[in-house]
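The values are calculated or read from the model by the stated rules, or taken from the named source; none is laboratory data. Keep in mind that this is a model prediction, so the values were computed, not measured. Glycine gets a Cβ as well: all are built from the backbone with ideal geometry, and neighbour counts include every protein chain shown.
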4 protein chains.
Amino acid sequence: MADKHAPDATRRSQRSRLAICEAALSLVAESGYDRLTVEGIAARAGVGKQTIYRWWPSKGAVLLDAFTETMVAGEWALPDTGDLAADLKTVLRATVDEFADPGFHAPYRALYVAMADDAELAAGFTAKVLEPGARAYAERIRAAQACGQADPGCDARLAAEALLAPFAQRWLMRNQPLSHAFTDSLVDLVLAGLRPRG
Amino acid sequence: MADKHAPDATRRSQRSRLAICEAALSLVAESGYDRLTVEGIAARAGVGKQTIYRWWPSKGAVLLDAFTETMVAGEWALPDTGDLAADLKTVLRATVDEFADPGFHAPYRALYVAMADDAELAAGFTAKVLEPGARAYAERIRAAQACGQADPGCDARLAAEALLAPFAQRWLMRNQPLSHAFTDSLVDLVLAGLRPRG
Amino acid sequence: MADKHAPDATRRSQRSRLAICEAALSLVAESGYDRLTVEGIAARAGVGKQTIYRWWPSKGAVLLDAFTETMVAGEWALPDTGDLAADLKTVLRATVDEFADPGFHAPYRALYVAMADDAELAAGFTAKVLEPGARAYAERIRAAQACGQADPGCDARLAAEALLAPFAQRWLMRNQPLSHAFTDSLVDLVLAGLRPRG
Amino acid sequence: MADKHAPDATRRSQRSRLAICEAALSLVAESGYDRLTVEGIAARAGVGKQTIYRWWPSKGAVLLDAFTETMVAGEWALPDTGDLAADLKTVLRATVDEFADPGFHAPYRALYVAMADDAELAAGFTAKVLEPGARAYAERIRAAQACGQADPGCDARLAAEALLAPFAQRWLMRNQPLSHAFTDSLVDLVLAGLRPRG
DNA sequence: GTCTAAACGAGACGGTACGTCTAGTCTTAAA
DNA sequence: TTTAAGACTAGACGTACCGTCTCGTTTAGAC
């Protein structure tokens, strides 16, 4: 029936919305997700708590909005120089560098945490961040398959996961170095599995 | 120098320790990690809160102890029938089935969450759970390399990660099915990358 | 300088305030001061603990507020029939009777306890309860001095204390009966000291 | 019936007993009664908690023992120079001075507190400390009555209370000075009530 | 250009859980 | 058997946030 009182989005204060997103990102970068509180965000943003609860269901949702808006530029296509291995290595090296910035990896890690307990947020994070990334990799691999650089019988999507998941895992665990050498080897391993078969 | 007052471990009550572990596991299976509280554990275990705080630094650490003790049998060697692909598929299918049990995957997921915010716990979880698993896979792959079933030039450890991480990722995200077909394909993909090169 | 964050008294919930006072009085009457807890008051009042800590610094302060509001009618003048001895005896007998009610003497005793360790509370209890009482006695005695019934050279305030303190002492100690006979004798003794001197 | 297991007092460690008493007195003088804890006493005395619980029912009881043993010399007779007023003033002035020492008044105040909630302790404190004092005053007054210095029709015990209680009250409340002038006036007032009647 | 309904800042409220502290009981080893 | 030591169950402490609920105060769209 009636959804509580759906607030009137046209009257929403953009000023507050931005302040909340910025506050959430800066706080999570400073102190980590478990010390991030709605009250803290409201205080830093100079905003009433209700203004947060009116527009977001949880602090995880705030973070997801803030992250996707600020961090995720929007374009997701991988470069295609004609050399699949080189392109993948280039992009993964850039990603390694990106994850060195606490302003980036702190909210990213926070979203990983929040996701595990909150299926709705997991769906959102997947749809807005993870899935587009995986799809871009799969697309690039499919292009290589199309021009004979990779075995067309292989599942491009699975190969994309085989590239991205070990990266994510190492980053999440923090127990092994996340280096260019690592991503390069990973590309080599997965691409070996994609060699066109004679 | 002195760490506060290190409690005397020889006087520790095993009765309480076990009750705490069992309570933690059952509660996390019932309600999820973010509804798991130290007070709840203490209440269900029939134990004073201080007894938990005396021996563990956080609820995540309790869960790690409880999980490794109860869930992780101890032996980690993979079967070796001589057929690498078959062996890997068998084990991964069994793991898929294992993760269908909430009594198993709930604490596992909880540890993933806790880990992301707590580097110390991450180290413990890695050392006691993830690392032994990865090592067992790498060992099996090395055995295959030794008898010519796999390219000896490949990094066995990296291949192990390429098998395990996509599995973990899908499970964590819940957005794609975690089926035998998936793990079988994954084995095929990674093993294709390990084909002995002519 | 700034007192933390002084809460906004205009928004204070009177409903909660009254419930807290009533809960404090009933609990102390039932179980005594040392079994009185802030949590217990909050629970019985149906109130969050923070609502108590926001407005009072200690359980003693709650009790003082509750007591002065409920028990202390406000008017403190002693009757003046022209007969000082009779008037004092009447009032003290009434006080003896009043102290037989646990609803009255329990919080009173509690405040005595709390006072001894808390100088601020002592000041409050003195100012709101003890001092007005002593002053009323002193005033009545001064009236008697003015009309020649008592020696004008005596310190009326000291005489008031000589009446009230032995009463308080016996009540506090519980080792001797607190009877009308006792207060009558006390009045006779002190008034003998106030006889107009020839 | 059997009283639990009455411990064997003949084997009691005097060393521990003394250490406990000293620890209790010094701690209460330093921090006040409400910060006095059994654990604190045990720690400072270098004694197990059980050793305290074995021999005393409460921290108040420890304090009473410690106080009576250390502070109350044992002899309670007031001087008798033949001049009642002078003798009383001398003794009360000395008492005023005694109460200026925190080592004395801190445990005394603590016992007042403890007493109000604990009838058993009240009986003990009364019997060992207050009552002997009151009796000594009453005795001195009776001596004066015997030699015609005071009205024999008056209740000497009541007069003693009229001297001691206002003193105790002022000390307990801390809101009025506790001076020699005050005790002198008090003696004068009460003694006026005891004047032999023509 | 008001008027008026909303979104807003602020923050009090009923609650839950935190991590700490102490009570009083129980167990162990030493003397 | 008493003692020092200290782990145990129990539960209150005072604090931090939760998410809900008023309060006036902006503020922006409809009159």
Query raised in the report: Just wondering, is there one or more residues in segment B:57-79 that are among the aromatic types (Phe, Trp, Tyr), away from DNA strand E (no atom under 12 Å from the Cβ) and out of contact with any Lys or Arg (no Cβ under 8 Å at 6 or more places or on another chain)?
Result: yes
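Specify which of the listed residues (D:Ala94, D:Ala110) is loosely packed, with under 14 Cβ neighbours inside 10 Å and assigned by TED's automatic domain parsing to the domain that holds D:Ala138. Spell out how you get there, then give the answer.
Working: D:Ala110 fails: loosely packed, with under 14 Cβ neighbours inside 10 Å.
Testing whether each residue is loosely packed, with under 14 Cβ neighbours inside 10 Å and assigned by TED's automatic domain parsing to the domain that holds D:Ala138 leaves just D:Ala94.
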Query raised in the report: Which one of C:Leu164, C:Leu111 is among the aliphatic types (A, V, I, L, M) and farther than 19 Å from C:Leu64 by Cα?
Result: C:Leu164
Query raised in the report: If you check C:Thr90 against the conditions, is it closer than 30 Å to C:Ala150 by Cα, assigned to a helix (DSSP H, G or I), away from DNA strand F (no atom under 12 Å from the Cβ) and not acidic (Asp, Glu)?
Result: yes
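If the requirement is being within 21 Å of B:Met173 (Cα to Cα), away from DNA strand E (no atom under 11 Å from the Cβ) and aliphatic (A, V, I, L, M), which of these qualifies: B:Ala106, B:Ala19?
On inspection, the qualifying residue turns out to be B:Ala106.
Residue-wise test of (1) surrounded by fewer than 17 Cβ atoms within 10 Å (Cβ to Cβ); (2) acidic (Asp, Glu); (3) within 30 Å of D:Ser58 (Cβ to Cβ).
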position	(1), (2), (3)
D:Ala100	yes, no, yes
D:Ala116	no, no, yes
D:Ala123	yes, no, yes
D:Ala134	no, no, yes
D:Gln145	no, no, no
D:Gln149	no, no, no
D:Pro152	yes, no, no
D:Ala156	no, no, no
D:Ala181	yes, no, no
Query raised in the report: Just a yes or no: is a residue in segment A:83-101 of a type in the set (A, V, I, L, M) and in contact with a Gly (Cβ under 9 Å, 6 or more places away or on another chain)?
Result: no
Query raised in the report: Restricting the search to segment D:143-155, which residues are closer than 15 Å to D:Ala85 by Cβ and either among the charged types (D, E, K, R) or assigned to a helix (DSSP H, G or I) (or both)?
Result: D:Ala143, D:Ala144, D:Gln145, D:Asp151
Query raised in the report: Can we say B:Phe125 is away from chain A (no Cβ under 13 Å) and either closer than 18 Å to B:Phe67 by Cα or basic (Lys, Arg) (or both)?
Result: no
Query raised in the report: Can we say D:Gly103 is modelled with pLDDT under 95 and either within 16 Å of DNA strand F (Cβ to nearest atom) or under 11 Å from D:Ala24 (Cβ atoms) (or both)?
Result: no
Report task. Among the residues of segment C:166-191, write down those that are within 7 Å of chain D (Cβ to nearest Cβ) and under 19 Å from D:Cys154 (Cα atoms). Result -> C:Pro166, C:Ser185, C:Leu186, C:Leu189, C:Val190
Report summary line: Flagged in segment B:29-55 as of a type in the set (Phe, Trp, Tyr) and more than 10 Å from DNA strand E (Cβ to nearest atom), in numbering order, are B:Tyr33, B:Trp55
Query raised in the report: Can you find even one residue in segment D:126-135 that is farther than 21 Å from C:Leu186 by Cα and either assigned to a loop (DSSP other than H, G, I, E, B) or over 11 Å from the mean Cα position of the chain (by Cα) (or both)?
Result: no
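Yes or no, residue by residue, for (1) of a type in the set (Lys, Arg); (2) touching a residue at least 24 places away in the same chain (Cβ under 8 Å); (3) within 23 Å of C:Asp34 (Cα to Cα):
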site	(1), (2), (3)
D:Ala19	no, yes, no
D:Ser31	no, no, yes
D:Gly48	no, no, no
D:Thr51	no, yes, no
D:Ser58	no, yes, yes
D:Thr68	no, yes, no
D:Ala85	no, yes, no
D:Asp97	no, no, no
Query raised in the report: Of the numbered conditions (1) at positive phi; (2) within 15 Å of the chain's Cα centre (by Cα), A:Leu172 satisfies every one except a single condition; which is it?
Result: (1)
Query raised in the report: Looking at segment A:147-165, which of its residues are more than 8 Å from chain B (Cβ to nearest Cβ) and either in contact with a Phe, Trp or Tyr (Cβ under 9 Å, 6 or more places away or on another chain) or modelled with pLDDT of 95 or more (or both)?
Result: A:Ala156, A:Arg157, A:Ala160, A:Leu163
